[in-house]
1. What ranking do 340-348, 138-146, 96-104 get when scored by the average of other Cβ atoms within 10 Å per residue, highest first?
2. Zone of A165 (label point 7 Å along Cα→Cβ, backbone N under 13 Å): which residues in the range 80-119?
3. What full-extension length gain, to one decimal in nm, is calculated for R338 and A24 as 0.36 nm per residue of separation minus the Cα-Cα distance?
4. Please list the non-local residues whose amide H lies under 5 Å from the amide H of V384, H modeled 1.01 Å from N, same-chain partners needing a gap of 5 or more.
5. Could you go through the range 383-394 in sequence order and give the Karplus-derived ³J(HN,Hα) for each residue, using 6.51 cos²θ - 1.76 cosθ + 1.60 with θ = phi - 60°, rounded to whole Hz, and x for Gly and Pro?
6. If I model a spin label at R412 and A305 as a point 7 Å from the Cα along the Cα→Cβ vector, what separation in nanometres do I get?
7. Would you calculate the separation in nanometres between label points at K99 and F3, each defined as 7 Å from the Cα along the Cα-to-beta-carbon direction?
8. Tell me the relative contact order for the range 1-141 as a rounded percent, counting alpha carbon contacts under 8 Å between residues six or more apart.
Amino acid sequence: MAFNLIDMVRERFTGNVMQQMGSAMGEDPSTLGKALPGVIATVGGSVAERGSTEAGAQRLMSQLNEGGYTGPNAGNEEILSADTEERGQGMLNGLFGDKLGSITSALGRSGGFSNSKSAGGMMALVAPMIMGVIGKHVRDNRMGAAGLGQLLGGQKSLLSAALPAGLGSILGMGGAAVGPRVVEEVHETRAVPTVETVRRQQPIERAPVHHAEPKKKNLSWVIPVALLALLAGWFLTRGRRHEPRREQAAVTQPARPQAQPQPQQRPVDTGVGGAGTAGTTPPVARDAQTMRQAIDSGARSFILAGVGFEEGSATLTPQSDASVGQLASVLREKPNSRVRIAGHTDATGDANVNRQLAQRRAEAVRTALVADGISANRVDVAAVGAEQPVASNNTEQGRDANRRIEVQVLSR
């Protein structure tokens, strides 16, 4: 049987479960039943969107294993328990961050709930069930991260189509998974007739060429005149043949310093998670004490040392856990503080690809902080890419320095 995330999760919510949920939430069970596919699509769509990339699948695989969702009880988790709802709420914070409020409100309206709290509570119960269903499928089929990514990628169009109205734009999905396929189909259906049409029209296109030949004869008198004009122009410019050299020098000389100033401009902060002050490099925080000092001293940002990723991906290395954990402990000490995690890369490769990688890496750190108990609305992310280097990209050491995570302090 083909894997269908919506149907498999919906099977877990039996009539008895829906009755108990309705009593607990003060909602009509039939209303909950009608809203259930949309809730599954909303939560499952976000999981599929994140897990369908290589880095996202690896991260999700770790979360499935660590959460016990690939264990012996996978797919049989108890739905109506305080532990399930608490775990689910943590997942929702990690998945949606500061969008969670608007998402629950939209679900409340589209699902006909009496209040948005019911929608939020239902999402919190659905999230662990989604993880359980996925984890059981991974376990039973002995999937690795690559297989998991393919599985979730195949679910994106199904989940996107089941989203309640208005949710796609909030989630940033909006049929994004379907779009490329639709375009391909349109091109494929047009491809055959286009070739045939061109072949039919070839004789028609050649005909005007033969009719145009008399016009070429009529213009033959222009050629001698054009040659005379060229000769006249050549004689006129012979006397000024040194002038182009002077003009070239005037253009070339200013261009030389333009290739030089990059080392001076690299440290400049543009205000998006970069250097704390224009022309300076942010301080490097290597432990909780130096992170605390950077925040208390008024620094706009600091480099989070010890954070690394697998090459070309957004998967945090095991050695990164200590640094991220120390940052989480400092943020717990300062409950009013908010930060922005900014991802930086070196200048190797395509700039847009680098910026996308920087975005995913910043989100990976944010997800780790949320998993460590930091509220999602306290952590923003920014993709800077290679735009704010702190060292030369011409050396391996410089490129290593430019590949970094910066923590920009938004409030203290």
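Just so you know, all these numbers are worked out from the coordinates, no wet-lab data involved. Computed from a predicted structure; not experimentally measured. Ideal geometry is used to build each Cβ from the backbone, glycine not excepted, and the neighbour counts take in all protein chains shown.
1. 340-348, 96-104, 138-146
2. From the range 80-119, the list is 109-112.
3. Taking 0.36 nm per residue and subtracting the Cα distance, the gain is 109.6 nm.
4. G343
5. 9, 9, x, 9, 6, 10, x, 10, 8, 6, 7, 8
6. Label-label distance for R412 and A305, simple model: 2.2 nm.
7. Using points 7 Å along Cα→Cβ, the separation is 2.3 nm.
8. Worked out over the range 1-141, it gives 35 percent.
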